[in-house]
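Single-structure report; data block below.
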Amino acid sequence: MTSSTDGSGKPLIMLVGMGDLSAKVLNMLLSDPATNRVVLAGRDTETIRRRGNLALFTSTNLGEHGTVKTVHVDLRDVDATAETLARVRPDIIFMGGSLQSWRIITALPKEVFEELDEAQFGPWLPMHLTLNHLLMQAVRDAGIDAKVVNAAFPDAVGPVLGKVGLAPTIGAGNVANIVPALTLGAAHLLNTHPSMVELRLTAQHYFSHYVPRFGDAGQGAYHLAVTVAGQPGTAEVHHGALFAQLDNRLKRLGGIDGQLLTASSAVRVLKGLATDSGVLAHAPAPDGLPGGYPVRVHRGGGTLDLPDGLGQDKAIRINEECQRADGIDRIDDDGTVHFTEPEMAVMKRLLGYECLSMKLGDASEWADELALKYRAFAAKFS
(Lines give C-alpha, C1' and ligand atoms only; values in the text may rest on other atoms or scores of the structure.)
Protein backbone atom coordinates (compact mmCIF):
# COMPACT_ATOMS: atom_id res chain seq x y z
CA MET A 1 0.00 0.00 0.00
CA THR A 2 1.64 3.21 -1.15
CA SER A 3 0.22 6.64 -1.65
CA SER A 4 0.39 8.23 -5.09
CA THR A 5 1.38 11.54 -3.49
CA ASP A 6 4.55 10.43 -1.75
CA GLY A 7 7.66 8.53 -2.72
CA SER A 8 8.45 7.14 0.74
CA GLY A 9 6.39 3.97 0.31
CA LYS A 10 4.58 4.72 3.55
CA PRO A 11 0.79 4.81 3.52
CA LEU A 12 -0.93 8.08 4.26
CA ILE A 13 -3.17 7.67 7.31
CA MET A 14 -6.00 10.15 7.83
CA LEU A 15 -7.52 10.63 11.27
CA VAL A 16 -11.10 11.93 11.22
CA GLY A 17 -12.56 13.31 14.45
CA MET A 18 -9.77 14.65 16.63
CA GLY A 19 -11.02 13.91 20.13
CA ASP A 20 -9.16 12.19 22.94
CA LEU A 21 -9.08 8.77 21.28
CA SER A 22 -7.70 10.05 17.99
CA ALA A 23 -5.11 12.11 19.87
CA LYS A 24 -3.86 8.97 21.59
CA VAL A 25 -3.86 7.08 18.28
CA LEU A 26 -1.88 9.93 16.69
CA ASN A 27 0.84 9.74 19.35
CA MET A 28 1.22 6.00 18.81
CA LEU A 29 1.28 6.27 15.01
CA LEU A 30 4.02 8.89 15.11
CA SER A 31 6.18 6.69 17.34
CA ASP A 32 6.53 4.08 14.57
CA PRO A 33 8.31 4.77 11.26
CA ALA A 34 5.84 2.46 9.48
CA THR A 35 2.84 4.62 10.40
CA ASN A 36 4.16 8.15 10.91
CA ARG A 37 2.81 9.82 7.77
CA VAL A 38 -0.45 11.32 8.96
CA VAL A 39 -3.08 13.89 7.99
CA LEU A 40 -5.62 15.20 10.50
CA ALA A 41 -9.13 16.05 9.32
CA GLY A 42 -11.74 18.10 11.14
CA ARG A 43 -13.73 21.30 11.30
CA ASP A 44 -11.50 23.28 13.69
CA THR A 45 -8.29 23.20 11.70
CA GLU A 46 -6.39 25.55 14.01
CA THR A 47 -6.99 23.40 17.08
CA ILE A 48 -6.14 20.16 15.32
CA ARG A 49 -3.05 21.74 13.74
CA ARG A 50 -1.81 22.58 17.23
CA ARG A 51 -2.67 19.11 18.46
CA GLY A 52 -0.75 17.67 15.54
CA ASN A 53 2.26 19.84 16.26
CA LEU A 54 2.27 18.76 19.91
CA ALA A 55 2.32 15.10 18.88
CA LEU A 56 4.95 15.78 16.22
CA PHE A 57 7.23 17.59 18.67
CA THR A 58 6.82 14.77 21.18
CA SER A 59 7.79 12.09 18.66
CA THR A 60 10.74 14.22 17.51
CA ASN A 61 11.90 14.38 21.14
CA LEU A 62 11.92 10.57 21.09
CA GLY A 63 13.92 10.37 17.88
CA GLU A 64 11.15 9.72 15.35
CA HIS A 65 10.54 12.15 12.50
CA GLY A 66 7.13 11.78 10.94
CA THR A 67 4.88 14.23 9.15
CA VAL A 68 1.51 15.65 10.19
CA LYS A 69 -0.68 17.75 7.91
CA THR A 70 -4.13 19.22 8.48
CA VAL A 71 -7.19 19.50 6.23
CA HIS A 72 -10.67 20.88 6.79
CA VAL A 73 -13.45 18.30 6.76
CA ASP A 74 -17.07 18.77 7.80
CA LEU A 75 -18.73 15.37 7.46
CA ARG A 76 -22.14 17.03 7.16
CA ASP A 77 -21.02 18.27 3.72
CA VAL A 78 -20.61 15.00 1.83
CA ASP A 79 -19.68 16.62 -1.50
CA ALA A 80 -16.94 18.78 0.01
CA THR A 81 -15.62 15.83 2.04
CA ALA A 82 -15.49 13.71 -1.12
CA GLU A 83 -13.56 16.44 -2.93
CA THR A 84 -11.06 16.62 -0.07
CA LEU A 85 -10.62 12.85 0.00
CA ALA A 86 -10.12 12.74 -3.76
CA ARG A 87 -7.45 15.43 -3.48
CA VAL A 88 -5.61 14.11 -0.40
CA ARG A 89 -6.02 10.42 -1.33
CA PRO A 90 -5.42 8.78 2.05
CA ASP A 91 -4.60 5.10 1.98
CA ILE A 92 -6.12 4.44 5.40
CA ILE A 93 -8.79 6.43 7.27
CA PHE A 94 -9.27 6.13 11.03
CA MET A 95 -12.76 7.22 12.03
CA GLY A 96 -12.80 8.51 15.59
CA GLY A 97 -15.73 10.89 15.19
CA SER A 98 -19.10 10.56 16.88
CA LEU A 99 -22.00 12.87 17.72
CA GLN A 100 -21.72 11.88 21.38
CA SER A 101 -18.89 9.93 22.97
CA TRP A 102 -19.80 6.73 24.79
CA ARG A 103 -18.12 8.10 27.90
CA ILE A 104 -20.43 11.12 28.26
CA ILE A 105 -22.86 9.23 30.47
CA THR A 106 -20.04 8.09 32.77
CA ALA A 107 -19.91 11.69 34.04
CA LEU A 108 -23.35 11.28 35.62
CA PRO A 109 -23.59 10.52 39.34
CA LYS A 110 -22.65 6.88 39.88
CA GLU A 111 -26.12 5.62 40.75
CA VAL A 112 -27.68 7.53 37.84
CA PHE A 113 -25.10 6.21 35.39
CA GLU A 114 -25.64 2.65 36.56
CA GLU A 115 -29.40 3.00 36.10
CA LEU A 116 -29.05 4.46 32.61
CA ASP A 117 -26.37 1.92 31.69
CA GLU A 118 -29.01 -0.82 32.02
CA ALA A 119 -30.22 0.38 28.60
CA GLN A 120 -26.91 -0.98 27.26
CA PHE A 121 -25.23 0.60 24.24
CA GLY A 122 -27.57 -0.33 21.40
CA PRO A 123 -30.06 2.53 21.85
CA TRP A 124 -27.21 5.04 21.41
CA LEU A 125 -26.50 3.76 17.89
CA PRO A 126 -27.78 6.91 16.07
CA MET A 127 -24.97 8.91 17.69
CA HIS A 128 -22.32 6.70 16.09
CA LEU A 129 -24.02 5.66 12.87
CA THR A 130 -24.82 9.14 11.54
CA LEU A 131 -21.30 10.46 10.92
CA ASN A 132 -20.04 7.08 9.72
CA HIS A 133 -22.82 6.99 7.12
CA LEU A 134 -21.79 10.44 5.89
CA LEU A 135 -18.10 9.50 5.80
CA MET A 136 -18.67 6.29 3.87
CA GLN A 137 -20.82 8.11 1.31
CA ALA A 138 -17.96 10.57 0.83
CA VAL A 139 -15.41 7.76 0.45
CA ARG A 140 -17.62 6.16 -2.20
CA ASP A 141 -18.14 9.44 -4.05
CA ALA A 142 -14.41 10.26 -3.93
CA GLY A 143 -13.62 7.12 -5.91
CA ILE A 144 -10.67 6.20 -3.69
CA ASP A 145 -9.66 2.80 -2.35
CA ALA A 146 -9.00 3.90 1.21
CA LYS A 147 -9.38 1.31 3.95
CA VAL A 148 -11.57 2.67 6.74
CA VAL A 149 -11.08 1.70 10.39
CA ASN A 150 -14.06 2.74 12.51
CA ALA A 151 -13.89 3.13 16.29
CA ALA A 152 -17.46 4.45 16.83
CA PHE A 153 -19.64 1.48 17.88
CA PRO A 154 -18.29 -0.58 14.96
CA ASP A 155 -20.05 -3.76 16.12
CA ALA A 156 -23.40 -2.33 14.96
CA VAL A 157 -22.38 0.49 12.61
CA GLY A 158 -20.52 -1.96 10.36
CA PRO A 159 -23.37 -4.40 9.75
CA VAL A 160 -25.94 -1.60 9.31
CA LEU A 161 -23.85 0.15 6.65
CA GLY A 162 -22.90 -3.21 5.17
CA LYS A 163 -26.53 -3.74 4.20
CA VAL A 164 -26.23 -0.84 1.74
CA GLY A 165 -22.68 -1.55 0.58
CA LEU A 166 -21.04 1.14 2.71
CA ALA A 167 -19.42 -0.82 5.54
CA PRO A 168 -16.07 0.43 6.84
CA THR A 169 -13.28 -2.04 6.16
CA ILE A 170 -12.94 -3.04 9.81
CA GLY A 171 -13.58 -1.74 13.30
CA ALA A 172 -11.37 -1.14 16.33
CA GLY A 173 -11.70 -1.54 20.08
CA ASN A 174 -14.42 -3.40 22.03
CA VAL A 175 -13.63 -7.12 21.58
CA ALA A 176 -9.94 -6.23 21.27
CA ASN A 177 -9.89 -4.28 24.52
CA ILE A 178 -10.62 -7.27 26.71
CA VAL A 179 -8.12 -9.66 25.11
CA PRO A 180 -4.97 -8.46 26.95
CA ALA A 181 -6.57 -8.93 30.38
CA LEU A 182 -7.96 -12.32 29.41
CA THR A 183 -4.51 -13.31 28.15
CA LEU A 184 -2.87 -12.33 31.43
CA GLY A 185 -5.64 -14.01 33.40
CA ALA A 186 -5.35 -17.24 31.42
CA ALA A 187 -1.57 -17.26 31.86
CA HIS A 188 -2.08 -16.92 35.62
CA LEU A 189 -4.50 -19.85 35.74
CA LEU A 190 -2.30 -22.00 33.49
CA ASN A 191 0.88 -21.08 35.35
CA THR A 192 2.66 -19.96 32.20
CA HIS A 193 4.03 -16.74 30.72
CA PRO A 194 1.52 -14.51 28.90
CA SER A 195 3.66 -14.63 25.76
CA MET A 196 2.91 -18.35 25.55
CA VAL A 197 -0.87 -17.83 25.59
CA GLU A 198 -2.92 -17.18 22.46
CA LEU A 199 -6.61 -16.27 22.63
CA ARG A 200 -9.31 -16.27 19.98
CA LEU A 201 -12.42 -14.52 21.20
CA THR A 202 -15.68 -14.02 19.34
CA ALA A 203 -17.97 -11.55 21.12
CA GLN A 204 -19.98 -8.39 20.64
CA HIS A 205 -19.48 -5.09 22.50
CA TYR A 206 -21.80 -6.10 25.38
CA PHE A 207 -19.38 -8.84 26.46
CA SER A 208 -16.27 -6.66 26.42
CA HIS A 209 -18.13 -3.95 28.37
CA TYR A 210 -19.76 -6.25 30.93
CA VAL A 211 -17.00 -8.67 31.96
CA PRO A 212 -14.48 -6.07 33.20
CA ARG A 213 -17.20 -4.34 35.25
CA PHE A 214 -18.85 -7.36 36.84
CA GLY A 215 -16.42 -10.27 36.52
CA ASP A 216 -18.81 -12.50 34.56
CA ALA A 217 -20.38 -12.65 31.09
CA GLY A 218 -23.87 -11.55 32.12
CA GLN A 219 -26.30 -12.23 29.28
CA GLY A 220 -23.57 -12.12 26.63
CA ALA A 221 -23.03 -15.01 24.23
CA TYR A 222 -19.39 -15.56 23.28
CA HIS A 223 -16.85 -18.12 22.13
CA LEU A 224 -13.38 -18.27 23.65
CA ALA A 225 -10.51 -20.57 22.70
CA VAL A 226 -7.21 -20.54 24.59
CA THR A 227 -4.06 -22.27 23.34
CA VAL A 228 -0.59 -22.51 24.81
CA ALA A 229 2.43 -22.55 22.54
CA GLY A 230 3.83 -26.00 22.00
CA GLN A 231 0.67 -27.74 23.14
CA PRO A 232 -1.87 -29.14 20.69
CA GLY A 233 -5.56 -28.37 21.06
CA THR A 234 -7.31 -25.95 23.38
CA ALA A 235 -6.11 -25.32 26.93
CA GLU A 236 -8.62 -26.02 29.70
CA VAL A 237 -9.40 -22.73 31.41
CA HIS A 238 -12.32 -22.22 33.76
CA HIS A 239 -14.11 -19.24 32.27
CA GLY A 240 -15.72 -18.17 35.54
CA ALA A 241 -12.36 -18.03 37.29
CA LEU A 242 -10.86 -16.23 34.30
CA PHE A 243 -13.55 -13.56 34.06
CA ALA A 244 -13.61 -12.97 37.81
CA GLN A 245 -10.01 -11.72 37.68
CA LEU A 246 -11.05 -8.76 35.51
CA ASP A 247 -13.13 -7.39 38.37
CA ASN A 248 -10.40 -8.15 40.90
CA ARG A 249 -6.65 -8.49 40.41
CA LEU A 250 -6.86 -7.38 36.77
CA LYS A 251 -9.27 -4.46 37.30
CA ARG A 252 -8.25 -1.43 35.21
CA LEU A 253 -9.08 2.24 34.91
CA GLY A 254 -12.01 3.01 32.61
CA GLY A 255 -13.54 6.17 31.23
CA ILE A 256 -11.26 8.58 29.44
CA ASP A 257 -8.17 6.86 30.90
CA GLY A 258 -9.31 3.57 29.42
CA GLN A 259 -9.18 5.00 25.92
CA LEU A 260 -5.44 4.38 26.00
CA LEU A 261 -6.27 0.70 25.63
CA THR A 262 -8.71 1.36 22.78
CA ALA A 263 -6.06 3.43 21.02
CA SER A 264 -3.54 0.59 21.23
CA SER A 265 -6.15 -1.83 19.86
CA ALA A 266 -6.77 0.53 16.96
CA VAL A 267 -3.07 1.00 16.22
CA ARG A 268 -2.54 -2.77 16.13
CA VAL A 269 -5.08 -2.87 13.29
CA LEU A 270 -3.77 0.29 11.59
CA LYS A 271 -0.21 -1.00 11.58
CA GLY A 272 -1.38 -4.36 10.25
CA LEU A 273 -3.02 -2.55 7.34
CA ALA A 274 -0.04 -0.27 6.80
CA THR A 275 2.53 -3.06 6.72
CA ASP A 276 0.44 -5.92 5.29
CA SER A 277 1.73 -7.95 8.24
CA GLY A 278 -1.04 -10.50 8.72
CA VAL A 279 -0.82 -9.92 12.48
CA LEU A 280 -3.33 -11.72 14.67
CA ALA A 281 -5.69 -9.16 16.18
CA HIS A 282 -9.24 -8.87 17.42
CA ALA A 283 -11.57 -6.43 15.75
CA PRO A 284 -15.25 -5.67 15.38
CA ALA A 285 -17.12 -5.76 12.09
CA PRO A 286 -14.54 -7.01 9.58
CA ASP A 287 -16.22 -6.52 6.19
CA GLY A 288 -19.39 -5.43 7.99
CA LEU A 289 -19.97 -8.59 10.04
CA PRO A 290 -21.83 -8.07 13.33
CA GLY A 291 -19.83 -8.10 16.57
CA GLY A 292 -16.14 -8.93 17.05
CA TYR A 293 -13.79 -11.66 15.85
CA PRO A 294 -10.18 -12.84 15.78
CA VAL A 295 -8.69 -11.69 12.48
CA ARG A 296 -5.48 -11.60 10.51
CA VAL A 297 -4.89 -8.02 9.42
CA HIS A 298 -3.35 -7.38 6.03
CA ARG A 299 -3.38 -4.69 3.38
CA GLY A 300 -6.92 -5.47 2.30
CA GLY A 301 -8.48 -5.59 5.76
CA GLY A 302 -9.15 -8.34 8.28
CA THR A 303 -9.60 -12.02 7.41
CA LEU A 304 -11.37 -14.17 10.00
CA ASP A 305 -9.01 -16.47 11.91
CA LEU A 306 -11.51 -18.52 13.88
CA PRO A 307 -10.47 -21.42 16.12
CA ASP A 308 -11.04 -25.00 15.08
CA GLY A 309 -14.66 -26.03 15.42
CA LEU A 310 -16.10 -22.53 15.02
CA GLY A 311 -17.35 -21.74 11.53
CA GLN A 312 -18.23 -18.27 10.28
CA ASP A 313 -21.98 -18.84 10.36
CA LYS A 314 -21.87 -19.96 14.00
CA ALA A 315 -19.61 -17.05 14.93
CA ILE A 316 -22.08 -14.61 13.36
CA ARG A 317 -24.98 -16.20 15.26
CA ILE A 318 -23.08 -15.86 18.55
CA ASN A 319 -22.49 -12.18 17.90
CA GLU A 320 -26.10 -11.57 16.87
CA GLU A 321 -27.26 -13.18 20.11
CA CYS A 322 -24.82 -11.06 22.12
CA GLN A 323 -26.01 -8.02 20.16
CA ARG A 324 -29.53 -8.58 21.50
CA ALA A 325 -28.14 -8.33 25.03
CA ASP A 326 -26.73 -4.95 23.95
CA GLY A 327 -30.16 -3.66 22.97
CA ILE A 328 -30.30 -4.41 19.23
CA ASP A 329 -32.74 -7.13 18.26
CA ARG A 330 -31.96 -7.36 14.55
CA ILE A 331 -30.86 -5.46 11.44
CA ASP A 332 -33.00 -5.78 8.30
CA ASP A 333 -31.62 -6.16 4.80
CA ASP A 334 -32.28 -2.47 4.05
CA GLY A 335 -30.36 -1.33 7.14
CA THR A 336 -33.39 -0.76 9.36
CA VAL A 337 -32.47 -1.42 12.99
CA HIS A 338 -34.91 -2.92 15.50
CA PHE A 339 -34.11 -2.30 19.16
CA THR A 340 -35.01 -4.56 22.08
CA GLU A 341 -37.96 -3.42 24.14
CA PRO A 342 -36.54 -3.92 27.69
CA GLU A 343 -33.45 -1.82 26.98
CA MET A 344 -35.40 0.88 25.14
CA ALA A 345 -37.84 1.00 28.04
CA VAL A 346 -35.00 2.25 30.23
CA MET A 347 -34.34 5.07 27.75
CA LYS A 348 -38.04 5.95 27.72
CA ARG A 349 -38.34 5.94 31.49
CA LEU A 350 -35.26 8.06 32.15
CA LEU A 351 -34.92 10.25 29.06
CA GLY A 352 -38.38 10.21 27.52
CA TYR A 353 -36.77 8.77 24.36
CA GLU A 354 -38.21 5.76 22.53
CA CYS A 355 -37.11 4.39 19.18
CA LEU A 356 -38.15 0.79 18.60
CA SER A 357 -37.08 0.76 14.94
CA MET A 358 -34.89 3.11 12.91
CA LYS A 359 -34.43 3.37 9.16
CA LEU A 360 -30.87 4.18 8.10
CA GLY A 361 -31.95 7.42 6.45
CA ASP A 362 -33.57 8.58 9.69
CA ALA A 363 -30.52 8.06 11.93
CA SER A 364 -29.57 11.75 11.93
CA GLU A 365 -33.03 12.84 13.11
CA TRP A 366 -33.07 10.23 15.85
CA ALA A 367 -29.59 11.37 16.91
CA ASP A 368 -30.79 14.97 17.19
CA GLU A 369 -33.77 13.92 19.33
CA LEU A 370 -31.65 11.70 21.56
CA ALA A 371 -29.05 14.46 22.05
CA LEU A 372 -31.72 16.96 23.02
CA LYS A 373 -33.37 14.64 25.51
CA TYR A 374 -30.08 13.50 27.01
CA ARG A 375 -28.92 17.09 27.55
CA ALA A 376 -32.17 17.88 29.37
CA PHE A 377 -31.73 14.75 31.52
CA ALA A 378 -28.07 15.42 32.34
CA ALA A 379 -28.79 19.05 33.22
CA LYS A 380 -30.68 17.83 36.29
CA PHE A 381 -27.39 16.60 37.76
CA SER A 382 -25.00 19.35 36.70
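The values are calculated or read from the model by the stated rules, or taken from the named source; none is laboratory data. Bear in mind the structure is a predicted one, so any value in this text is a computation, not a measurement. Cβ: placed from backbone, ideal geometry, glycine included. Neighbour counts: every protein chain shown. Areas reflect the complete protein model, heavy atoms only, side chains present, ligands, DNA and RNA absent. Shrake-Rupley method; radii C 1.70, N 1.55, O 1.52, S 1.80 Å.
Kindly establish whether residue 216 is open to solvent by 40 Å² or more (accessible area, probe 1.4 Å), in a helix (DSSP H, G or I) and either modelled with pLDDT under 95 or of a type in the set (Asp, Glu) (or both). No; evaluated as a whole, the condition is false for this residue.
The residues listed here are 75, 135, 125; of these, the one that is out of contact with any Pro (no Cβ under 9 Å at 6 or more places or on another chain), of a type in the set (A, V, I, L, M, F, W, C), under 30 Å from residue 162 (Cα atoms) and open to solvent by less than 10 Å² (accessible area, probe 1.4 Å) is 125.
For the residues 76, 140, 103, 89, the requirement of being modelled with pLDDT under 95 and not hydroxyl-bearing (Ser, Thr, Tyr) singles out 103. Residues in the range 228-239 that are at pLDDT 95 or above and open to solvent by 40 Å² or more (accessible area, probe 1.4 Å) were compared, and the one that is nearest to residue 328 (Cα to Cα) is 239. Looking for whichever is in contact with a Leu (Cβ under 7 Å, 6 or more places away or on another chain), open to solvent by 40 Å² or more (accessible area, probe 1.4 Å) and closer than 23 Å to residue 256 by Cα here; the options are 31, 59, 22. Which one fits? Exactly one residue qualifies, and that residue is 31.
The residue that is farthest from the chain's Cα centre (by Cα), counting only those in the range 193-233 that are over 19 Å from residue 244 (Cβ atoms) and β-branched (Val, Ile, Thr), is 228.
Please work out if residue 333 is at pLDDT below 95 and not hydrophobic (A, V, I, L, M, F, W, C). Answer is no for this residue. Taking the listed residues 183, 262, the one that is over 29 Å from residue 342 (Cβ atoms) and either assigned to a helix (DSSP H, G or I) or β-branched (Val, Ile, Thr) (or both) is 183, with no other qualifying.
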